[in-house]
1. Could you tell me which residue out of 34, 108, 74 lies farthest along the dipole of the chain toward its positive end? Charges go on the beta carbon: Lys and Arg +1, Asp and Glu -1, centred on the Cα centre.
2. Given R₀ = 41 Å, FRET efficiency for residue 109-residue 68 by Cβ-Cβ distance, to 0.05?
3. Going by average Cβ density within 10 Å per residue, which order do the peptides 25-34, 11-20 take, highest to lowest?
4. Mind checking which lysines have their Cα closer than 25 Å to the Cα of residue 94? Skip sequence neighbours fewer than 8 apart in that chain.
5. Tell me which GluC sites (Glu not before Pro) from region 2-100 have a DSSP coil assignment and no more than 12 other beta carbons within 10 Å of their own.
6. Once Cα extents along the principal axes in Å is worked out from the coordinates, which option in [x] 123, 26, 19; [y] 36, 30, 25; [z] 51, 31, 26 does it equal?
7. Taking the Cα centre of the chain as origin and charging only Cβ (+1 Lys, Arg; -1 Asp, Glu), how large is the dipole, in debye to the nearest 20?
8. Starting from the 7 Å offset along Cα-to-Cβ, what nm value, one decimal, do you get for the label separation of residue 18 and residue 94?
Amino acid sequence: MDQSDQQSALCKLSDIGVAGKEVRVNTDAGVHWLMIFHREDRLTAWQNACPHQGRALNWAPDKFLFSEEGLLVCCHHGATFDLANGRCSDGPCKGAQLKAVEVVVNDGEVFLKVNQ
């Protein structure tokens, strides 16, 4: 995904609840959906596409499932992902990775990191 042309904020940092935030990004290559999580003062962002079949991991807007251990769970086939590194620890795509997206916070708003 080409991030260089994205200048508008994705969301406010305060909008990212405990369960995460889904955001839409329009690029020259089309529409992309991202998921952003803010846990333990760490912000992570990923393309919202399971490596197993490319389907969104959430079951409704801003509604993500988590295991008792705090792993992100794909609502379609139960694959589990560690939000610290995006790696699938169990399920049909075990060992695969979510695609990371670099984000930065400026004045309380979350932006795509612009490659310079």
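What follows is calculated from the coordinates using simple rules that are stated; it is not laboratory data. Keep in mind that this is a model prediction, so the values were computed, not measured. Please note: Cβ atoms are built from the backbone with ideal geometry, for glycine as well, and neighbour counts cover all protein chains shown.
1. 74
2. For residue 109 and residue 68, the calculated efficiency is 0.80.
3. 11-20, 25-34
4. 21, 63
5. When the GluC sites (Glu not before Pro) of region 2-100 are filtered for loop state and at most 12 Cβ neighbours within 10 Å, 40, 68, 69 remain.
6. Only one option fits the structure, namely [y].
7. Approximately 280 debye in magnitude.
8. The answer from the label model is 3.0 nm.
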